[in-house]
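Each value in this text was obtained by applying a stated rule to the coordinates, not by laboratory testing. Computed from a predicted structure; not experimentally measured. Cβ placement follows ideal geometry from the backbone for every residue including glycine, while neighbour counts extend to all protein chains displayed.
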Amino acid sequence: MGKKLIITIDGPAGAGKSTVSRILAKNMNYIYLDTGALYRALAYKALKLKISLEDVSALTNLCSTTDVVLKNIDGQMKVFVDGKNVEEKIRTEEVSMAASKISTFIVVREKLLNLQRETGAQGGIVAEGRDMGSVVFPHADYKFYLDAQLDERIKRRYKELLDKCVSVEYQSIQKDMLARDKQDKQREIAPLKAPDDAVTIDSDNLTVEGVVDKIISYISIK
Ligand code: DC
């Protein structure tokens, strides 16, 4: 059996990272790590406790008193907060914005860093997020940066929420996505950016399968 690789996929919200990473991991029989879910999980608890998302001491306390664990369920790492699987609760727009907000704080990023690194330590992982190639796995075997035009990303996110029967206004997705792009790209610590050694893939005119094929072809020829 060949070496078990670490593959990172970074990019903005709505670029298609999750779907592509999940399929790629399945094809390669690798673990799929959705790191956004970790930030979402902490944000969900902060919202539930009505903690101010800008209060660093409250967030520090939240981090030290919250147990965040990843469990491998059928090849996908699911997040458990204080013993509970929170997957069903963390996909709302409110949690998206809150996750983006708290992820600007170093105490939050540090809490989640080791957990991510430990999960990828043995290789055999497709890790998806904002700083996978730049900070969490700087020595990854393959790094990809998945991007798409803002309009296309808004359309995808809108459709995804409608498919889940979440009622939402197109304009509010647009507003949230612009705010999230800005916050994720301009924060001081581990901002979203394409690592210098990443392959950038523009997914505007590609199907999900098209993006996966492109990544696989790159992995096989390098
Ligand atoms: O990928 P996502 O939409 O589930 O991520 C939610 C937020 O979490 C995102 O807007 C910023 C933060 N995040 C991060 O800062 N670093 C990561 N590696 C993943 C997500």
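Overview of results
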| quantity | calculated |
| --- | --- |
| Elements of type strands (runs of 3 or more DSSP E) contained in segment 3-121, each with 2 or more residues being within 12 Å of the ligand (Cβ to nearest atom) | 6-10, 31-34 |
| Number of the exception - ILE51 against (1) free of Cβ contacts under 8 Å to residues at least 24 places away in the same chain; (2) at positive phi; (3) not polar (S, T, N, Q) | (2) |
| Condition check for ALA98: surrounded by 21 or more Cβ atoms within 10 Å (Cβ to Cβ) and among the small types (Gly, Ala, Ser) | yes |
| Set GLU128, GLU110: member being exposed (fewer than 15 other Cβ atoms within 10 Å of the Cβ) and within 20 Å of LYS185 (Cα to Cα) | GLU110 |
| Output for segment 21-35, where each listed residue is surrounded by 21 or more Cβ atoms within 10 Å (Cβ to Cβ), under 12 Å from the mean Cα position of the chain (by Cα) and within 20 Å of ARG156 (Cβ to Cβ) | SER21, TYR32, ASP34, THR35 |
| Segment 148-200: number of residues that are without any contact (Cβ under 8 Å) to a residue 24 or more places away in the chain, of a type in the set (Lys, Arg) and surrounded by 17 or more Cβ atoms within 10 Å (Cβ to Cβ) | 0 |
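Residues are listed down the side, and each one gets a yes or a no for (1) without any contact (Cβ under 8 Å) to a residue 24 or more places away in the chain; (2) surrounded by 22 or more Cβ atoms within 10 Å (Cβ to Cβ); (3) farther than 28 Å from PRO195 by Cα:
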{"residue": "ALA41", "(1), (2), (3)": "no, yes, no"}
{"residue": "VAL56", "(1), (2), (3)": "no, no, yes"}
{"residue": "THR66", "(1), (2), (3)": "no, no, yes"}
{"residue": "ASN85", "(1), (2), (3)": "yes, no, yes"}
{"residue": "ILE90", "(1), (2), (3)": "no, yes, no"}
{"residue": "GLU93", "(1), (2), (3)": "no, no, no"}
